[in-house]
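To keep things clear, I will list the structure first and then write my remarks on it.
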Amino acid sequence: MRRFDPGLIIATLLLASFGLLAIYSSGGSYYFLRQLIFLPIAVGAAAAAVLVPRRILYGLAEPIYGLAVLMLLAVLIAGTGPGSHRWFVLGPVYIQPSEFAKLATVLLLAKHLSYKRTIGLNFRDLAVPVAIVAVPALLVMVEPDLSTSLVFAALLAAMLYGQGMRPLHILLLFSPALSFAAGFSLYTWIPFFVVLGIILLIRSGVEKTLIGLAVSAAFGLLSPVVLSSLKGYQRARIISFVAPWFDPHGISWNAIQSQIAIGSGRLIGKGLLQGSQKRLGFLPNRHTDFVFSALGEELGLVGCLMLLGLFYWLLRRMLMAARQSGDSTGSLLCVGFAAIVGYQMFVNIGMLLGILPITGIALPFLSYGGSSLLLNFILVGLVLNVVSRPE
Amino acid sequence: MAARLTRLTQVLMVLLGILSARLVQLQVVQGARYARLSDRNRIRKLVLPAPRGRILDRNGVLLADTRPSFTVAVVPTELTDSALSLLAWLLGIPETDLRQQLGPVAMFASPVNVKRDASIDEVARVQENSFRLPGVHIRVDPVRNYPGSNSYCHVIGHIGEVSKEELKRDTSLRQLDFIGRAGIEAQYETLLRGRDGSEYVEVDARGQEVGPLREKRPEPDVPGRDLTMTIDDRIQRLACRLLMPYPRAAIVGMETRTGAIICLVSKPDFNPNIFMAPIDASTWDSLISNPSKPFYNRTVTAGYPPGSTMKPVIALGALRQGQLNRHTRFQPCTGGYKYGNRTFKCNAAHGSLDLVGAIAQSCNTYFYQAGLRLGLDSLTAYAREVGLGRLTGIDMPGERPGNIPSREWLDKRYGKNKWGAGSVLNFAIGQGEVTATPLQMAVLYAAIGSGGRAVRPYLVARVDSAGQTIRTAAPDVRQLPTRPQDLAVVRLGLERVVEYGTGTGARIGEIRIAGKTGTAQNPPRPDHAWFVGYAPADEPEVVFAVLVENAGHGGAVSAPIAGQLIRAYFSPAVESPSAPDTTASPAEAAPASEPGTRPLRQTPATENREW
């Protein structure tokens, strides 16, 4: 029996339309038309994703993952991009393998985790899942694209949680990495350490607390050692890369401009295409990462809340799809995909609102970019697949 | 799993709630303010330029600092046509020039400098009309100022505007920034350059600042570090003055024990302040096309044949190998030495001399034979070991190693074995293809005078940050392959040079000086005059290397200059100048010279001709 979720389709198409509007408004007709050409391709790819039998898809999880890793390696060697290696150029098309890698990672991870009844905080349960995620995440990180590599951490956490791992254990699993990231300054590290200690004390025994804190402390101490071995400007670059909010220069110029654009939209916005585009002229990626700023300026609070509502609708349908799925692999797929979309949405909008550091991360379905649009549609197609044919 | 999915949905709702709350805060609570800010881009980033560190001499005499300079800047997007015309008229710039200057950047909201180093009058005129000049701002910038003698143009160097490539390479630089281009300014760029601060201000519709932006803390600037140099301004100026009659020359003075440079003069020089204002074409052309190359730092970059100043190296090498001792006498000098079918000349018929006498009289015949005994390979290897042909490591850009024409070098230059055996003879008297910088010779002679301890010369003694010393120079010493007994012989020879030999012109009476003259052949032009010497002869504290291009004999020209400098170094710095040299400009007449100073150019007591 075939079920279908029209809500998911409608939400996706509405989001994409919002995106086209914003791209036209901020990037002009060139980028608008390019994105418009991609849309039918993306819809076609989504349709194919709906129709492919999942058994075959699961069977192909390893080769797909392998291909993704190869592409990430290749882009490191042969890729291009402003100051980094993120893209392949194929004629007029830029291909971003990290988008594909996210999907491939979720697929393989879902397949692997679905075999497990329970997941504890031990090497046997976690070695393989962590490795599956770490390989593409590290390859993306050295591109360098830290913000995208953090998406992998988000999807790992969400999928481990979905498969039944205790939240406390997830926190412990990630605490060394968090400690390292927070360790560049005592002002971030001490609060982190205190909060971690309190949580551990409440939720587990003294012994576990001490072990957890010791491991965290070790990684936290490593951070200043690594930093101090670097030259001044390298250190500054890394701190502003890992933690732009720590930058003594304060919130960045881009963040201020983005906030002015959004804030000046007020309740109902200045009207479509009425935003002062000139002012956004100094935002480097106004039709990609900063597309939400243009929407906020032109559509105001009403438009922004509508957009957030659409995201809520979409993500809720994806999580409901996880519930409806007959097989746990399918459920995990949906959870992983929802984590990707949800994380990127929150981080992108959060940075434009000035509550998160400015990092290069795209807003799913809205930001200009063929690879991103295509992969996001395939992702929705796969969720529809899970809903429509329980196996 | 169902419960967990519900929990994930709740997490999602919390996250969306956070975003919504922030949206309400931005768009409703602060909406009016942001709308006002966006009306036109009413935020301007102001840069608070950090003053560059000062450069002082060893006694605290100011050699480079930063003075305020007024710059008229324009925000092209805010400038109206009528304001542009008015501004052009006020500043006396042709309107078309101004338009051209702003042309390619007219779409940007960041200020463009249209007049650097504007005069007080110009600033006042612009200020008076400020209400008619929207988008025009007066900025006070720190500008580099070199109040010292022009002779510092090579040591201290100068700064210049960054190039596009440098901007790309170093992200901490901004357009229109100045960075060190030569000398200390370039070598110590990272210490001298501070970090600019910044401040965001809100401006009103006329472009006038109304106050700092609340969202943004101002970041104070960090001034650059102050450098105290080892240079003694008094000696530097005296050296400069003693070189007045000579267009091309170099002097290096150094403390023998530490390597602290006392003076470093290269002529011709120029006024480094010309780089701070837009340089006019004729000044630039005259500097660039000057055949004497004023930008060339002769003390560390130029390799000259060392001439007879090379002889102590030959002596030390031969003594060490046991080919020679103090009393060795060769075939007597008859005014030349016949080798093969060629006669190699000497400056006089010295007759039979021992080693000390040969050094004192600078007898070429003696050293031809010593060189032949030692052989080219041993000679060149030894010259390298004592530091010739390699960098001294002074903390200054542009140092060159000179040249030691070894067998490999000669083979490469002339083809295998296509060079004559006479090369070793030329090498033995420091002529031909062997070259050394004045700095290398100073370091070498300091080592000869101090038991073979070769120092690394340095120019910066101390680095201060906000009055606190953060770094002091540590002398760096290397032991040369010399034996004390050999050094004693050579030092005796060097003392005799000044006592009764070729270098009597350096004699100053109260302090015993040891040194060596040299005359570097420079065919077809006149010879270069060398003198390198240290004092006091028994326990040297200071060494001077003097090279005057095309001035003839080292004994006649360079030795007296070294004598004067040594006398000044050891005398207290209190006397007022009573310079015999009337050509000295008032600005440079500061250095002391005590009563009874000899005339600058004098004939040495003993007229000794040498190569």
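The values are calculated or read from the model by the stated rules, or taken from the named source; none is laboratory data. Fair warning: this is a prediction, and the values are worked out from it, not measured in the lab. Cβ placement follows ideal geometry from the backbone for every residue including glycine, while neighbour counts extend to all protein chains displayed. Quick note on the areas: whole protein, heavy atoms, side chains included, nothing else; ligands and nucleic acids left out. Shrake-Rupley method; radii C 1.70, N 1.55, O 1.52, S 1.80 Å.
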Completion exercise
Filtering the stretch B:384-438 for residues that are closer than 15 Å to B:G371 by Cα, open to solvent by 20 Å² or more (accessible area, probe 1.4 Å) and within 32 Å of the chain's Cα centre (by Cα) leaves a count of 2
Handout entry: Answer from B:V143, B:V201, B:V123, B:V136 - the residue that is farther than 21 Å from B:P68 by Cα, β-branched (V, I, T) and surrounded by 15 or more Cβ atoms within 10 Å (Cβ to Cβ)
Key = B:V201
Exercise for the section: Confirm whether A:I256 is out of contact with any Pro (no Cβ under 9 Å at 6 or more places or on another chain) and either modelled with pLDDT under 80 or away from chain B (no Cβ under 13 Å) (or both). Expected result: yes
Practice task
Test each condition in (1) open to solvent by less than 70 Å² (accessible area, probe 1.4 Å); (2) touching a Leu at 6+ places or on another chain (Cβ under 8 Å) for B:A506 and report the one that comes out false.
Solution key: (2)
Practice task
Determine if the stretch A:97-114 includes at least one residue that is in a loop (DSSP other than H, G, I, E, B) and at pLDDT below 85.
Solution key: no
Exercise for the section: Pairs only if they're at least six apart or on different chains, beta carbon under 6 angstrom, first in the stretch B:49-67 and more than 17 Å from B:N273 (Cβ to Cβ), second in a loop (DSSP other than H, G, I, E, B) and open to solvent by less than 30 Å² (accessible area, probe 1.4 Å); list them, first residue then second. Expected result: B:A50/B:G194; B:G53/B:G224; B:D57/B:I231; B:R58/B:T230; B:R58/B:D232
Practice task
State whether the residues of the stretch A:331-350 include one that is touching a Gly at 6+ places or on another chain (Cβ under 8 Å), under 19 Å from B:A3 (Cα atoms) and of a type in the set (A, V, I, L, M).
Solution key: yes
Exercise for the section: Report, ordered by the first and then the second residue, all pairs with beta carbons closer than 8 Å, sequence separation of six or more or different chains, a first member in the stretch B:368-387 that is free of Cβ contacts under 8 Å to residues at least 60 places away in the same chain, and a second member that is β-branched (V, I, T) and not in a loop (DSSP other than H, G, I, E, B). Expected result: B:A370/B:I314; B:G371/B:I314; B:G371/B:V424; B:L372/B:V424; B:G375/B:V424; B:L376/B:V424
Problem - Whichever residue in the stretch A:10-37 is open to solvent by 10 Å² or more (accessible area, probe 1.4 Å) and under 21 Å from the mean Cα position of the chain (by Cα) and, among such residues, is farthest from A:F337 (Cα to Cα) - result: A:L20
Exercise for the section: Just one of (1) open to solvent by 70 Å² or more (accessible area, probe 1.4 Å); (2) over 21 Å from the mean Cα position of the chain (by Cα); (3) at pLDDT 85 or above trips up A:L67, so point out which. Expected result: (2)
Fill in the blank from the handout: For the stretch B:155-197 the number of residues that are over 30 Å from B:M254 (Cα atoms), part of a loop (DSSP other than H, G, I, E, B) and more than 14 Å from chain A (Cβ to nearest Cβ) is 5
Problem - Candidate set: the stretch B:22-46, residues that are open to solvent by less than 50 Å² (accessible area, probe 1.4 Å) and more than 7 Å from chain A (Cβ to nearest Cβ); chosen: the one modelled with the highest pLDDT - result: B:R33
Practice task
Mind counting the residues in the stretch A:300-313 that are open to solvent by 30 Å² or more (accessible area, probe 1.4 Å) and within 10 Å of another protein chain (Cβ to nearest Cβ)?
Solution key: 4
Practice task
Please find, among B:V61, B:V72, the residue that is within 30 Å of A:I260 (Cα to Cα), modelled with pLDDT of 85 or more and away from chain A (no Cβ under 14 Å).
Solution key: B:V72
Exercise for the section: Scan (1) open to solvent by 60 Å² or more (accessible area, probe 1.4 Å); (2) of a type in the set (V, I, T); (3) within 13 Å of chain A (Cβ to nearest Cβ); (4) out of contact with any Gly (no Cβ under 8 Å at 6 or more places or on another chain) for the single condition B:T96 breaks and write down its number. Expected result: (3)
Exercise for the section: Assess whether B:R471 counts as being open to solvent by 70 Å² or more (accessible area, probe 1.4 Å), modelled with pLDDT of 90 or more and not in a helix (DSSP H, G or I). Expected result: no
Exercise for the section: Please work out if A:Y368 is closer than 22 Å to A:S293 by Cα, open to solvent by 10 Å² or more (accessible area, probe 1.4 Å) and not in a helix (DSSP H, G or I). Expected result: yes
Problem - Number of positions in the stretch B:172-186 that are touching a Lys or Arg at 6+ places or on another chain (Cβ under 8 Å) and surrounded by fewer than 17 Cβ atoms within 10 Å (Cβ to Cβ) - result: 1
Exercise for the section: Report, ordered by the first and then the second residue, all pairs with beta carbons closer than 7 Å, sequence separation of six or more or different chains, a first member in the stretch A:157-170 that is at the interface with another protein chain (Cβ under 10 Å from one of its Cβ atoms) and open to solvent by 20 Å² or more (accessible area, probe 1.4 Å), and a second member that is in a loop (DSSP other than H, G, I, E, B) and among the β-branched types (V, I, T). Expected result: A:Q163/A:I119; A:G164/A:T118; A:G164/A:I119
Exercise for the section: Among the numbered conditions (1) under 24 Å from the mean Cα position of the chain (by Cα); (2) open to solvent by 10 Å² or more (accessible area, probe 1.4 Å); (3) within 26 Å of B:L192 (Cβ to Cβ), tell me where B:V477 comes up short. Expected result: (3)
Handout entry: Subset of the stretch B:318-353 [on the phi > 0 side of the Ramachandran plot and assigned to a loop (DSSP other than H, G, I, E, B)]
Key = B:G322, B:G335, B:G340
Exercise for the section: Restrict the check to the stretch B:327-335 and report whether at least one residue is more than 30 Å from B:M396 (Cβ to Cβ), in contact with a His (Cβ under 7 Å, 6 or more places away or on another chain) and surrounded by 18 or more Cβ atoms within 10 Å (Cβ to Cβ). Expected result: yes
Problem - Selected residue [open to solvent by less than 10 Å² (accessible area, probe 1.4 Å), within 12 Å of another protein chain (Cβ to nearest Cβ) and not hydroxyl-bearing (S, T, Y)] from A:A321, A:A339 - result: A:A321
Exercise for the section: Could you list, in sequence order, all residues of the stretch A:342-365 that are away from chain B (no Cβ under 12 Å) and open to solvent by 20 Å² or more (accessible area, probe 1.4 Å)? Expected result: A:P357, A:I358, A:T359, A:G360, A:A362
Practice task
Taking B:A106 as meeting all but one of (1) within 14 Å of another protein chain (Cβ to nearest Cβ); (2) modelled with pLDDT of 80 or more, write down the number of the exception.
Solution key: (2)
Practice task
Being modelled with pLDDT of 65 or more and surrounded by fewer than 23 Cβ atoms within 10 Å (Cβ to Cβ) is the filter here, so list the residues in the stretch A:73-85 that pass it.
Solution key: A:L73, A:A74, A:L76, A:I77, A:A78
